[in-house]
1. Counting only protein heavy atoms, what percent of the accessible surface of region 348-418 is carbon or sulfur at a 1.4 Å probe?
2. Just by accessible area at a 1.4 angstrom probe, what is the order of Glu176, Glu432, Glu399 from largest to smallest?
3. Heavy atoms only, probe 1.4 angstrom, no DNA, RNA or ligands counted: give me Lys397, Lys383, Lys345 ranked by accessible area, highest first.
4. With the alpha-carbon atoms as the only input, what is the per residue convex hull volume for region 371-487 in Å³?
5. Quick one: what are the phi-derived ³J(HN,Hα) couplings along region 348-356, Karplus 6.51/-1.76/1.60 with θ = phi - 60°, whole Hz, x for glycine and proline?
6. Given a cut-off of under 8 Å on Cα pairs at least six residues apart, what relative contact order in percent is computed for region 359-437?
7. Longer than 21 Å from Cα to Cα, which of Lys345/Lys426; Lys319/Lys471; Lys397/Lys426; Lys363/Lys396 are they? Say none if no pair is.
8. When ligands, DNA and RNA are left out and all protein chains stay put, how many square angstrom of accessible area per residue does region 373-428 have with a 1.4 Å probe?
Amino acid sequence: MKLSVEITDPASELSVSFGYQCSTLDHDNFSVQPDQSEFSRGIPIQNTNRNGSFSCLSGAALSANATLANTNIGNGLIGEEILPVLDSPKSFRRMSSSPSLSRLDLSSSPSQNCMPILAGSVPTRTGFLYENGNATWKPMSAPMRVESRSFLSGMDVQMAGGAAGEDRVQAVCSEENGWLFCGVYDGFNGRDAADFLAGTLIENIGFYLQALEWRMRKEQDASNFTSNEDETIPSKSLPTIGCHDHSSDSQRKGGIVLPNCSSGEVLTESFRLGVMDCLIRALAQAETDFMYMVEQEMDDRPDLVSVGSCVLLVLLHGKDLYVLNLGDSRAVLCTSDNTGSGLVKAIQLTETHTVDNETECSKVIADHPDDPSPIVRGRLKGKLRVTRALGVGYLKKREMNDALMGILRVRNLCSPPYVYTAPFTKSHRVSEDDQFVIVGSDGLFDFFSNDEVVQIAHAFIQENPFGDPAKYLVEQLVLRAAESAGFSTEELMSIPVGRRRKYHDDVTIIVIILGNKQRTSTASTSL
């Protein structure tokens, strides 16, 4: 795939932008304004029965860090064979089929191909395996291939993504199956962990969702068999996902029928909990696989033990919105305030995992009673602000810390791990009052509060129905960063990437417009 990027000079940052509108919009009557020459060229799927609850999304990112992949974790199989198809397109690209998402074959897993997989058990919520009471790192195999197909599969899949400094962003959707997946991976001390997530995590999620649906279908079959054997025993209502359900309403009292699903899909609360557990398990597998790869290479490249990434996932299936986060990236929902005034309010859907969060700070201190200084100068062991992240092994395992030399090594690493891998998860039922979701790395929230971000985006969308809210938010951030530094925007943007990190962080933003609002997004030009 030819990358469509704009680089004004060798020191310029990589501009990331993409836009997408659902096929339910009236494309024949849409006209592009003269200044919108970079309008998103996403190809709409000709599907008259759209099952999703979003109408469009836009993404934009801005680099502040200049970084290269440290090793073949980011530059080898994953970096060369997977990431280029996601790297900074100007629009979604249509895929006639997606082998990894439609077949979910174990042999196609990127993480399986780039390293040997040892026999392991199903991932735990923390990413550790326990043997004889001791936590150990082991790479863990994904579930075995099963006959069912996950709702995350689809024959017509749209994909977009990109790289900005150490941030990675990806978005994948299927209107046909009514789902949207967005991931923001905010890397630090190198891009390897973020590259690894962009190359493997969505496929991990597909594996576990497939296993979930297979298990629940087996339970349903067993329940139906029991009911047929003895009609006096009431059958247990279980969800049917991805297949036609012609049962009567009285036979589906335990589930919720998605209003836009022609197949009569039924979702129960147990299934929603199962989906969130799949996200957790997929992340746990990514953590152990990445740490295993670091262990194999740290003798030659000890700096890998300091590489890590925050994780923010948003999965929208029908009207169910699932969120997972690890670190300080945020998902913020804009919804009406129910007063009839037309005003909106911001609802944060994620937790903030930093030492500035009193709950997180107290947890760290409580978990290390024998360490007189778990937090030094507002950082874990004087090194890191985030309390939860993928990777960053030197704060999780003593052997990895010992691989570092001199001042890079943490002194008095009394009782690791100091950085946790247990994510925060949340599910939300999209209502008519919900307008859009802003998904962003912490670089956005360094300058704006949740309320400011929502109000800025809402006002822009109201005044510019065919504009790009993600690009606009990036532009407003540049204005505020320049003002804070006492520069003009031109002066700030002329500072080379790397040195500009002094004034703002990498910034990645996705705006998901909910409902069926008649609007679309434009792709941005290079800032």
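The values are calculated or read from the model by the stated rules, or taken from the named source; none is laboratory data. Since this is a predicted model, take the numbers as computed values, not measurements. These accessible areas exclude ligands, DNA and RNA; they are computed on the full protein's heavy atoms, side chains included. Shrake-Rupley method; radii C 1.70, N 1.55, O 1.52, S 1.80 Å.
1. 50
2. Highest to lowest solvent-accessible surface, that is Glu432, Glu399, Glu176.
3. Numbers: Lys397 45, Lys383 70, Lys345 90 Å².
Result, largest first: Lys345, Lys383, Lys397.
4. Once divided by residue count, the hull of region 371-487 is 176 Å³.
5. Going residue by residue, I get 6, 9, 10, 9, 10, 9, 9, 5, 6 Hz, with x marking Gly and Pro.
6. 27
7. Distance filter (> 21 Å) returns Lys319/Lys471; Lys397/Lys426.
8. 44
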